[in-house]
Every structure is written in structure tokens, then in C-alpha cells.
């Protein structure tokens, strides 16, 4: 009984910490998701604009969020994530690197923005390379009793038509991911 109470207390503390920090934390293990087949990083590079996302502490208070990816000579992928502070209007950015740990699964990337932080997952669930991309990350905690998820719907433009967005969300939901966690990303009043 004492062990059961300790697990409940630990789950509660972890959930409180991450909810305060702004991640999506929920009970249960991460879903097993299929990834983009024959992912081609060359076609994926370039600019992407955030259309919708799950809560993420590092994007709190930002609008006009976009990401740029390019191939580097060492075989890794350069990354710059940018956004505009809603209150001050100041543009901020952070630069990092992405890499493919297993060449047999090229859509399962890792990304790191600080040398001292562990690399995070960047899994491309689906993309047509020209219009949209769906990115997902999930970590299991406490032996799969709790999970922390991130997800992004990206577009090559600052808008994405409603039909495409609806189809993307249906596909994401079919993969076992709760689409009610998606939040609208403000791409209005942004510099070109």
C-alpha cells in the first residue's frame, strides 16, 4: 500500500511540474506510431511555419514561430527556431543541430539546442515536403504510466487550408494521439 501511494505521489508531482512548465503530460504509455516512409531530408530542408502545436514551455509567449533546416557539411542538419515575443515584439531565435541516429529509420531524428541537454526526439510522422509536415515526440516516464508529448503541424506557408488541416488531424488521431491538445499558432502580423 505504501508503494502504491508513493507511485501516485510521484505521478502527481511529475504531472504538476510539467503542467506548470507547459508540456502535455498524461497517463499511459507513448503510442506506437508509424513514421514517414522513405523520408528524404534533402526535400525536407528549408523553412517551415508552425500552424498548430502541443503546449511547449520553450514556445510560451511567442507568435510567428518558424523553423529553418539545412544540411551541413558534417552530415548533420542545422536548425534555427525563431519566434516573436507577443509582449515586446522582439524576435528571438535559437540554433541547434539535428541528426539521424539510425540510417534505417531516417524520419526518426534527434535534435539538440544546448550541448549540455540531451537530444530530443523529432519524428516526422507525415509530410508531402511541399505543403505540410507533422512532427511528434513522446517520452515514457514511470515505466510507461505517464507520458510527455510534443507535436507540431507545420506548413511551408504561414497558413494551411482547413481541409488539409482537418485531414492531418484525422490522421494524427488515427495514430492514437489526442488531437485535443493542439493549440493554434498565431502567424498574423509577422514579417515576411
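The values are calculated or read from the model by the stated rules, or taken from the named source; none is laboratory data. Computed from a prediction, not measured in an experiment: that's the story for all the values here. Please note: Cβ atoms are built from the backbone with ideal geometry, for glycine as well, and neighbour counts cover all protein chains shown.
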Residue check, residue 43 over 24 Å from residue 173 (Cβ atoms), outside any strand (DSSP E or B), in contact with a strand residue (DSSP E or B) (Cβ under 9 Å, 6 or more places away or on another chain) and touching a residue at least 40 places away in the same chain (Cβ under 8 Å): yes
Suppose the filter is part of a strand (DSSP E or B), surrounded by 15 or more Cβ atoms within 10 Å (Cβ to Cβ), touching a strand residue (DSSP E or B) at 6+ places or on another chain (Cβ under 6 Å) and at pLDDT 90 or above; does residue 65 pass it? yes
All but one of (1) over 16 Å from the mean Cα position of the chain (by Cα); (2) closer than 24 Å to residue 60 by Cβ; (3) at pLDDT below 95 hold for residue 158; state the number of the condition that does not hold. (3)
Enumerate the pairs (first residue in segment 140-161 and more than 26 Å from residue 32 (Cβ to Cβ); second residue anywhere and in a loop (DSSP other than H, G, I, E, B) and at pLDDT 85 or above) with beta-carbon separation below 7 Å, excluding pairs fewer than 6 apart on the same chain, so at least 6 apart or on different chains. 155/131; 156/130; 156/131; 158/187; 158/190; 159/187
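Looking only at segment 107-127, decide whether some residue is farther than 24 Å from residue 148 by Cβ and touching a residue at least 60 places away in the same chain (Cβ under 8 Å).
No, the conditions are met nowhere in segment 107-127.
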